[in-house]
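For reference, the structure is listed below as structure tokens.
The values are calculated or read from the model by the stated rules, or taken from the named source; none is laboratory data. Every value quoted in this text rests on a predicted model; they were computed, and no experiment measured them. Note that each Cβ is placed from the backbone with ideal geometry, even for glycine, and that neighbours are counted across all protein chains shown. Accessible surface areas use protein heavy atoms only, side chains included; no ligands, DNA or RNA. Shrake-Rupley method; radii C 1.70, N 1.55, O 1.52, S 1.80 Å.
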Amino acid sequence: MKYGLVLEGGGMRGLFTMGILDVWMEQGGIEFGGAVGVSAGVAFGCNFKSRQIGRGIRYNVQYADDWRYKGFRSLLLTGDIFGAKFCYETLPEELDLFDTEAFRENPMEFYATVTNLETGKAMYKRLYDGGKRDMLWVRASASMPIVSRVVRIGKYKFLDGGIADSIPLHFMESRGYERNIVILTQPEGFVKEPNSLMPLIRASLWRYPKAVEAMANRHIMYNRETAYVAEREAAGAALVIRPEAPLAIANLETDPDELMRVYNHGRAVAEKTLDVVRDFLK
């Protein structure tokens with residue numbers, strides 16, 4: 001039996017996921033054959049593969065109001081609202097070291113979900129060593145439309161994986177993972193509405209009509225995926241962990257107390273569901 005882990009994105013809502021993953025690492029014995037993340041699910045989830053307890057919340061609190069990390073000043077000066085050089089080079093290589101050796105030695109397969117702008121379809125890239133090349137894929141997965149530059153890797157152009165596949169449970173099942181834990185960052189009953197920023201998205205991505213179409217239909221895709229997750233949960237093939245209420249945190253939140261609130265909510269949910277998780281993985 002192959003057990004997988006699916007990590008939804010959601011900007012700073014991803015700290016909820018990080019709280020869960022930290023509790024699992026602290027408790028030990030909760031292991032997966034593979035994991036896939038989308039956007040913040042990749043950016044924060046990679047710390048699970050590198051087994052770095054507390055790193056995700058630590059650097060988010062420490063650099064919460066640093067313009068190099070995130071903010072409109074970063075957008076104006078670099079073209080990315082989350083500073084690419086700071087987030088994917090300075091931070092992991094100098095300020096809060098990412099353990100590439102532990103990442104490489106952990107046998108768990110780890111995939112980043114990205115959206116190919118030319119096709120409007122999702123692609124899934126396995127990450128092996130947590131080095132510069134891998135971090136480029138993490139950046140691509142987490143690069144939101146309008147407020148991020150297009151990420152070029154080889155002949156391809158990418159943006160946020162959530163454009164094309166927000167909850168890649170189908171992907172994990174296609175890789176042979178028969179039982180999957182899915183961590184969502186929206187509460188039960190959440191229904192995504194059409195994107196009110198579509199005029200701006202059409203203007204910024206006019207060169208990529210397939211990606212624009214994917215963005216216009218994203219709410220339909222997302223709601224179908226949550227329905228499929230519920231179907232697989234009812235069949236006993238998936239276990240869903242989600243917030244107990246809307247997390248209500250802004251992507252550019254700089255208040256450490258708010259960041260800790262979301263993180264601690266994840267920890268509380270993890271502690272409450274620990275026995276259920278262990279039973280599911282038996």
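Determine the shape class of the stretch 1-131: with a ≥ b ≥ c the square roots of the Cα gyration tensor eigenvalues, call it rounded for a/c under 1.5, and otherwise prolate if a/b is greater than b/c, oblate otherwise. Oblate, since a/c reaches 1.5 and b/c is not below a/b.
Which of rounded, prolate, oblate describes the chain, given a ≥ b ≥ c as roots of the alpha-carbon gyration tensor eigenvalues and a/c under 1.5 marking rounded, otherwise prolate only if a/b is larger than b/c? Judged from the Cα gyration tensor, the chain comes out rounded (a/c under 1.5). Just the protein heavy atoms count here, and of the accessible area of the chain at 1.4 Å, carbon and sulfur take up 52 percent. Given R₀ = 51 Å, FRET efficiency for R73-K272 by Cβ-Cβ distance, to 0.05? For R73 and K272, the calculated efficiency is 0.85. Would you mind checking the stretch 171-199 for residues with the amide N under 13 Å from a putative spin-label position 7 Å along Cα→C-beta of H219? In the stretch 171-199, the label zone of H219 (backbone N under 13 Å from the point 7 Å along Cα→Cβ) covers 191-199.
When only the Cβ of Lys, Arg, Asp and Glu is charged (+1, +1, -1, -1), the dipole of the stretch 51-209 relative to its Cα centre reaches about 600 debye.
May I ask for log10 I(q)/I(0) of the stretch 62-162 at q = 0.14, 0.19 Å⁻¹, from a Debye sum over the Cα atoms as equal point scatterers with solvent left out? Log10 of I(q)/I(0), two decimals: -0.56, -0.97. Calculated translational diffusion coefficient of the stretch 166-282 (4 °C, 1.567 mPa s; Stokes-Einstein with Kirkwood radius over alpha-carbon pairs) equals 78 µm²/s. In the context of the full set of protein chains, residues of the chain present 44 Å² of accessible surface per residue (probe radius 1.4 Å, heavy atoms only). Extension gain, E31 to R104: 0.36 nm times the residue separation minus the Cα-Cα distance gives 24.7 nm. Only Lys, Arg, Asp and Glu carry charge here, each on its Cβ (+1 for the first two, -1 for the last two); on that basis the stretch 129-267 has a dipole of about 860 debye about its Cα centre. Packing-based ranking of 125-134, 84-93 yields 84-93, 125-134, ordered from highest to lowest mean Cβ neighbour count within 10 Å. Per-residue ellipticity at 222 nm from helix content only, as computed over the chain with -39500 (n - 2.57) for each DSSP H run of at least four residues, stands at -12000 deg cm²/dmol.
Among beta bridges from DSSP that stay inside the chain, the antiparallel ones total about 40%.
Within the stretch 97-147, the percentage of alpha carbon pairs spaced more than 13 angstrom apart rounds to 61%. Which one of W67, F158, L15 has its Cα pushed farthest toward the positive end of the charge dipole of the chain, where Lys and Arg give +1 and Asp and Glu give -1 at the Cβ? Looking along the dipole axis, the top candidate is F158.
Using only side-chain charges placed at the Cβ, +1 for Lys and Arg and -1 for Asp and Glu, the dipole size of the chain relative to its Cα centre rounds to 1040 debye.
Among E109, E118, E94, the residue with the largest mean-square fluctuation in a Gaussian network model of the chain, with springs joining Cα atoms closer than 10 Å, is E94.
Ranked by the mean number of other Cβ atoms within 10 Å per residue, highest first, peptides 207-218, 40-51 order as 40-51, 207-218.
For the pair L97 and F280 in one chain, pulling the backbone fully straight at 0.36 nm per residue adds 62.6 nm over the alpha carbon distance. Local charge for S166 was computed over the other residues whose Cβ lies under 11 Å away, with Lys and Arg +1 and Asp and Glu -1, and equals -1. A Cα-only calculation for the stretch 52-106 places Rg and Dmax at 12.3, 39 Å. What separates the Cα centres of the stretch 1-47 and the stretch 198-231 is a distance of 24 Å.
Available extension along the chain between A234 and N251 is 2.9 nm, counting 0.36 nm per residue and deducting the alpha carbon span. Could you tell me which of rounded, prolate or oblate describes the stretch 167-216, using a ≥ b ≥ c as the square roots of the eigenvalues of the alpha-carbon gyration tensor, with rounded for a/c under 1.5 and, failing that, prolate when a/b is larger than b/c and oblate otherwise? Taking the square roots of the gyration eigenvalues as a ≥ b ≥ c, the stretch 167-216 is oblate.
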